[in-house]
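Here the structure is laid out as structure tokens; the discussion comes afterwards.
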Amino acid sequence: MKKTLILFLALFLVLGTIGTSTAASPNGDQVQGDPNGGEGQGFGHGNDHDGDQGNNNDHGNGNGNDPCDDDDQCDDEDNECDDDDQFDDEDNECDNDDQCDDEDNECDNDRDQGNSEIGNLVWDDLNANGIQDPNEPGLAGVTVNLWTGNQYRPIDQINTTVTNATGNYIFTNLKSGIYWLEFIAPDSVVKCIFSPLNQGTNDTLDSDANAAGIAGPVCLERCESDLSWDAGLYRLAAVGDKVWLDVDKDGLQDSTEPGIAGVIVNLWTGDATGPLVKTIYSTVTDANGNYIFTNLVPGIYWLEFILPNSTSGFFTLQNQGLDDAIDSDVNSTGFAGPIELISGEVDLTWDAGVDPGAAGGEEEPTDGAAGGDEEIIEEIIPEEVAAAGEVALQETGVPMGLLVMAVLMVLAGLGLPKRK
């Protein structure tokens, strides 16, 4: 009788718990979280760097006017005189009165005796901007050839000269007519290049020679002294040095510290505030950690160093000590600069030191002491158990505790001794 009573009680508990769960949701509906609930983020970034530069200046005489458009000038079509007081296309001489006197440079109503002149300066354009700056010196020993010609091209070379110690040159005793100038870039270890043409608004300070060294046409009038024909030249520059492993982490290159191969170095243009435009120039350090960029136009540059994935360290202390040739110039983000290169400069002082990090190439633990993994596991286990209970409730509708109690009572009833 006891056994029967216990079994009946257990069955009542099971049925009671099921009924309780069903009553909690009279419509039999089951509410479940949205499994697709998520979080999204989107970022957009765009930079439009427009480095275009345009310049289109017509060049006439030293006064900035086109001398061939009105009276007393040469005809651009046939180089013939269109009115009085002009020069003849056959001998490049004026064919009528009102000419310069070769003795006092005054007009004596005679033929053109040749008292005009052309000249000025060839200079070292240190920053390659095509404008004569106060600190930029003249270039001595540059050959300048004088040609006659028409409005479109030089035809016959008639004279030659060489710039003096200050970079100046001049052609004198010239008759009125059309002339061209040819500047010969000097031979040097580093190639010389002519500066950008017709920069700025001051015709006495710009460079008048094109990329081939030709300047003109120069429409020279009687008794005119046109000293505005200049040529700027610059030499290509270079920058580079080394990436090394800073073993003692002091930010200085020691003789025993090795270079690091395989570091990517990118070249940027910029200004004093930072890099602006990434150039197409990129290189990789060699087996000794060395790198170099050559054939660079003078200007302001920045360097970007990118460590290979196999390197576990980070960039060392920046600008330590007083010797710029052995310090590390790169900041924590991998950039070094500004680097202002001038004409012909080779700057091999831009280095990057790499701190090897903790011993064994691994960083020190930052969260807790040893055994931290066990603490994480202890936090995870209760969450897993709780999740299991929720699954059981959803599948059976019976709380886990009541279900376990009912099963135990059934087992207890079965285990009672039979009544004799």
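The values are calculated or read from the model by the stated rules, or taken from the named source; none is laboratory data. Worth saying up front: this structure is predicted, and the values here are computed from it rather than measured. Cβ placement follows ideal geometry from the backbone for every residue including glycine, while neighbour counts extend to all protein chains displayed.
Take the residues of the range 174-194 that are surrounded by 15 or more Cβ atoms within 10 Å (Cβ to Cβ) and farther than 26 Å from residue 155 by Cβ: which is modelled with the highest pLDDT?
Only one residue fits best here, namely 193.
Matching residues to (1) assigned by TED's automatic domain parsing to the domain that holds residue 327; (2) assigned to a loop (DSSP other than H, G, I, E, B); (3) of a type outside the set (A, V, I, L, M, F, W, C); (4) buried (at least 22 other Cβ atoms within 10 Å of the Cβ):
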| residue | (1), (2), (3), (4) |
| --- | --- |
| 249 | yes, yes, yes, no |
| 256 | yes, yes, yes, no |
| 266 | yes, no, yes, no |
| 270 | yes, no, yes, no |
| 278 | yes, no, yes, no |
| 283 | yes, no, yes, no |
| 286 | yes, yes, yes, no |
| 294 | yes, no, yes, no |
| 300 | yes, no, no, no |
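Specify which of the listed residues (249, 242) is of a type outside the set (Val, Ile, Thr) and within 20 Å of residue 341 (Cβ to Cβ).
242
Only residues in the range 288-310 that are among the basic types (Lys, Arg) count as the first member; pair them with residues that are crowded, with 16+ Cβ neighbours inside 10 Å and not in a strand (DSSP E or B), Cβ under 9 angstrom, at least 6 apart or cross-chain, and list the lot.
Every condition considered, no pair remains.
Restricting to the range 195-219, name every residue that is touching a Gly at 6+ places or on another chain (Cβ under 6 Å) and not in a loop (DSSP other than H, G, I, E, B).
Of everything in the range 195-219, just one residue is touching a Gly at 6+ places or on another chain (Cβ under 6 Å) and not in a loop (DSSP other than H, G, I, E, B), namely 206.
Quick one: how many residues across the range 153-180 are among the hydroxyl-bearing types (Ser, Thr, Tyr), under 20 Å from residue 221 (Cβ atoms) and part of a loop (DSSP other than H, G, I, E, B)?
So the answer is 1.
All but one of (1) of a type in the set (Val, Ile, Thr); (2) surrounded by 23 or more Cβ atoms within 10 Å (Cβ to Cβ); (3) without any contact (Cβ under 8 Å) to a residue 60 or more places away in the chain hold for residue 218, so report the exception by its number.
(3)
Do any residues in the range 199-214 that are closer than 15 Å to residue 184 by Cβ have Cβ atoms under 6 Å from those of residues that are of a type in the set (A, V, I, L, M) and in a loop (DSSP other than H, G, I, E, B), where the two are at least six apart or on different chains, and which pairs are they?
Matching pairs, first to second residue: 210/197.
Could you look through the range 316-344, keep only residues that are touching a strand residue (DSSP E or B) at 6+ places or on another chain (Cβ under 6 Å) and hydrophobic (A, V, I, L, M, F, W, C), and pick out the one that is nearest to residue 190 (Cα to Cα)?
Step by step, filter the range 316-344, then rank; the result is 341.
Going by the conditions given, is residue 171 aromatic (Phe, Trp, Tyr), over 42 Å from the mean Cα position of the chain (by Cα) and modelled with pLDDT of 95 or more?
Judged against the criteria, residue 171 is a match.
For the range 200-246, enumerate the residues that are more than 30 Å from residue 330 (Cα to Cα) and of a type in the set (D, E, K, R).
If the condition is that a residue be more than 30 Å from residue 330 (Cα to Cα) and of a type in the set (D, E, K, R), then 203, 206, 208, 221, 222, 224, 226, 230 are the ones that fit.
Could you tell me which of the residues 218, 239 is out of contact with any His (no Cβ under 8 Å at 6 or more places or on another chain) and either outside the structural domain of residue 154 (by TED's automatic domain parsing) or closer than 30 Å to residue 325 by Cα (or both)?
239
So, in the range 326-340, of the ones that are more than 14 Å from the chain's Cα centre (by Cα) and either charged (D, E, K, R) or assigned to a strand (DSSP E or B) (or both), which residue ends up nearest to residue 282 (Cα to Cα)?
Among those residues, the one meeting the criterion is 329.
Would you confirm whether any residue within the range 159-167 is touching a residue at least 40 places away in the same chain (Cβ under 8 Å), out of contact with any Cys (no Cβ under 7 Å at 6 or more places or on another chain) and not hydroxyl-bearing (Ser, Thr, Tyr)?
yes
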